[in-house]
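Data block below; observations after.
The values are calculated or read from the model by the stated rules, or taken from the named source; none is laboratory data. These numbers were taken from a predicted model, which means no experiment stands behind them. Accessible surface is based on the protein model in full, side chains and every heavy atom, while ligands, DNA and RNA are left aside. Shrake-Rupley method; radii C 1.70, N 1.55, O 1.52, S 1.80 Å.
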Amino acid sequence: MPNTRTAASPVPPASPFPSPGAGHAEGVSNDEFRAAMSRLASGVVLVTAQEPPLDPDDPGAPRGEDVGMTATAFVSVSLDPPLVLVSLREGSRMDDLLAEQPLWAVSVLSESQRHIAGRFAMKGRISDRLLFEDIAYVRGEASGAPLVGGALATLECRTEQRVPAGDHTLVIGRVLTARVPSADGRPLTYFRGRYRQLG
């Protein structure tokens, strides 16, 4: 009887990358990515903006609510013209607001302002109005947004470009004003998932 066995199909080489369920196609899992990036120390800022009035054509219309968000992904981009970039979670309240409000501000927080960073990093809050109640601030002349008292530096910005990037939006802003109200003090930093002080 002739041999009817067929040759075994070649076995594909094992992939060096984990299956899609274990991580991204490139081979890094969410946990691995977070762990690696948590080793990069960063400064902490409070991004603020004011909602547009309900009726922009009516000077007597009620002022919009102030909105704030703690951010650690904030960098300078260019000196001429002066540009900065902040990364916002797609669909967050600040992302939605800055899609319609081009003016916003940044307060660079000091190590004594950890409570402010923690407060504005809370998830699931309904309104920011109460969060600003016991915080000293002045209203920016160029943006109308709150500038936190005691911050190491403050900047007011106007959005130049919005760039979708994965699950975030990169907002590039032209700096309209830059002040250093507090010459003393050390920065608040974020490292390995915690707010920290230098030294």
Could you please state how large a percent of the accessible area of segment 111-199 is carbon and sulfur, counting protein chains only and using a 1.4 Å probe?
52
Please give the solvent-accessible surface of F191 in Å², to the nearest 10, using a probe radius of 1.4 Å with every protein chain present.
60
In segment 56-199, if every C-alpha pair distance is counted and binned at 5 Å from zero, what percent goes to each bin?
2, 9, 18, 22, 23, 17, 8, 2, 1, 0, 0
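R186 to E65: extension gain in nm, 0.36 nm per residue of separation minus the Cα-Cα distance?
Result for the pair: 40.5 nm of gain on full extension.
Counting only C-alpha contacts under 8 Å and six or more residues apart, can you give the relative contact order of segment 63-170 as a whole percent?
Taking the mean separation of contacting Cα pairs over the length of segment 63-170, I get 34 percent.
Rank these by accessible area, largest first, 1.4 Å probe: E32, E111.
Highest to lowest solvent-accessible surface, that is E32, E111.
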How many Å² of accessible area per residue for segment 90-162, probe 1.4 Å?
50
